[in-house]
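Asker: First the structure, which I've put down as structure tokens, then a few questions once you've had a look.
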Amino acid sequence: MQSAIVQMILIVVGIAAAAIVSIIVYAQLSDNAPDTGDNIDKGRITTETLCDAVGGTWTAANTPPCA
């Protein structure tokens, strides 16, 4: 049976390892995220709400409807 001190050390090491993994994953996802800007492909947008959110003009009769 392990002592309480050994168990506390293992818990702290586990929490630290989880934090390190989380930081690495966050950094990788942040680096791979697309940059915001004027490079939005409005032709791929299929909902009026999203079209409005990116500053497009929704016209259901058009193909594509967001311009």
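Asker: Determine ³J(HN,Hα), in whole Hz, for all residues of segment 60-67 in sequence, where each value follows from phi through the Karplus function 6.51 cos²θ - 1.76 cosθ + 1.60 and θ = phi - 60°; x replaces Gly and Pro.
Answerer: So the J values, rounded to whole Hz, are 4, 6, 7, 10, x, x, 9, 9.
Asker: Could I ask something else about it? Taking only DSSP H segments of four or more residues, each worth -39500 (n - 2.57), what value at 222 nm results for the chain once the sum is divided by all its residues, to the nearest 500 deg cm²/dmol? Show your work: numbers first, answer last.
Answerer: Values: 2 runs with 35 residues, N = 67.
One gets -17500 deg cm²/dmol as the mean residue ellipticity at 222 nm.
Asker: Now for a different question. Whole number in Å², please: accessible area per residue of the chain, 1.4 Å probe, ligands, DNA and RNA not counted.
Answerer: 85
Asker: How large is log10 I(q)/I(0) at q = 0.27 Å⁻¹ when the Debye formula is applied to the Cα atoms of the chain, each weighted equally and without solvent?
Answerer: -1.05
Asker: So what's the angle, to the nearest 10 degrees on a 0 to 90 scale, between helix 4-32 and the longest Cα principal axis of the chain?
Answerer: The angle comes out near 20 degrees.
The values are calculated or read from the model by the stated rules, or taken from the named source; none is laboratory data. Keep in mind the model is a prediction, meaning the values are calculated, not measured. To get the accessible areas, we keep the full protein, side chains included, count just its heavy atoms, and leave off ligands, DNA and RNA. Shrake-Rupley method; radii C 1.70, N 1.55, O 1.52, S 1.80 Å.
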